[in-house]
Amino acid sequence: MLPSEEIFADYVGNLGIESDTHVVLYDASEFGAFSAPRVWWMFRVFGHSAVSLLNGGLRNWELEGRPISDKYVRPTPTEFKASLNRTWIRTYEDILDNLDSKKFQVVDARPAGRFKGVDPEPRDNTEPGHIPGSISIPFHSFLSQSGHFLPKEQLQALFARAGVDLSCPICVLCGSAVTACHVALAAHECGNPGVSVYDGSWSEWYTRAVPEHVISEGRGKHW
């Protein structure tokens, strides 16, 4: 879940990042990108648009023979101002209301087996399945085998095959709102920068939803 504006600003400021700093993010995932897109989205939702992702991550940086270091850089703390864009955040109540209103499309980035309800969730006391009417696009679908994000044309085709209209509002989720941000980043690259994130994601939905709102080919949910 997102921290408060004050906590985010204090943490980022202690990293030496100012409001006009261009931030480049990466992680060391074997996928090429796992948690970095979530941090990219967090900077943006807190009002910092000067943020980029190192396409391919540390995995490809090393494969390309680029320099790495084991030295720790001690930043000079500075002031960072955060302003939360609440329109990019969806709550359980928003998703529940959308079951009838259908104001936005809901895209789930978990692997297909968890979406269908046949593969286990990694969290205790949580069964797999999906929100009624949601669309499955597993996060790794946006990445090539090399770990790079697909080119724009392929991303657009991926959304189209899944039945997602990039010109209309989109909300994304996964298990804990981390890999959901792969969808947000891909949509941003395709010209839809305002994708919202259901920050509670499946872990909250399964806990709070009535059984008929947990669609599953497996056990589902029972009171």
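The values are calculated or read from the model by the stated rules, or taken from the named source; none is laboratory data. Note that the structure is predicted; figures quoted are calculated from it, not measured. Cβ coordinates were reconstructed from backbone atoms using ideal geometry, including for glycine residues, and neighbour counts include every protein chain displayed.
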For the range 97-116, enumerate the residues that are within 20 Å of Arg208 (Cβ to Cβ), part of a helix (DSSP H, G or I) and in contact (Cβ under 8 Å) with a residue 60 or more places away in the chain. Asn98, Leu99, Arg114
Which residues, taken from the range 58-111, are within 21 Å of the chain's Cα centre (by Cα) and acidic (Asp, Glu)? Glu93, Asp94, Asp108
In the range 123-178, which residues are among the acidic types (Asp, Glu) and modelled with pLDDT of 95 or more? Glu127, Glu153, Asp165
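To keep it simple, each residue is scored yes or no on (1) touching a helix residue (DSSP H, G or I) at 6+ places or on another chain (Cβ under 9 Å); (2) under 22 Å from Ser196 (Cα atoms).
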residue	(1), (2)
Ser49	yes, yes
Glu62	no, no
Tyr92	yes, yes
Ala109	yes, yes
Asn125	yes, no
Ile131	yes, yes
Scanning the range 132-150 for residues that are surrounded by fewer than 20 Cβ atoms within 10 Å (Cβ to Cβ) and hydrophobic (A, V, I, L, M, F, W, C), the one farthest from His213 (Cα to Cα) turns out to be Leu150
Selection from the range 37-82 of residues that are touching a residue at least 40 places away in the same chain (Cβ under 8 Å) and hydroxyl-bearing (Ser, Thr, Tyr): Thr76, Thr78
Reported set for the range 118-133 where residues are in contact with a strand residue (DSSP E or B) (Cβ under 8 Å, 6 or more places away or on another chain) and in a loop (DSSP other than H, G, I, E, B) is Gly129, Ile131, Pro132, Gly133
All positions within the range 54-100 that are on the phi > 0 side of the Ramachandran plot and touching a Gly at 6+ places or on another chain (Cβ under 8 Å): Gly56, Gly57
Kindly indicate the residue of the range 117-131 that is surrounded by fewer than 14 Cβ atoms within 10 Å (Cβ to Cβ), over 18 Å from the mean Cα position of the chain (by Cα) and not charged (D, E, K, R) and also nearest to Tyr206 (Cα to Cα) among those meeting that condition. Asn125
Among residues of the range 11-24 being free of Cβ contacts under 8 Å to residues at least 60 places away in the same chain and either charged (D, E, K, R) or loosely packed, with under 14 Cβ neighbours inside 10 Å (or both), the residue farthest from Ala50 (Cα to Cα) is Tyr11
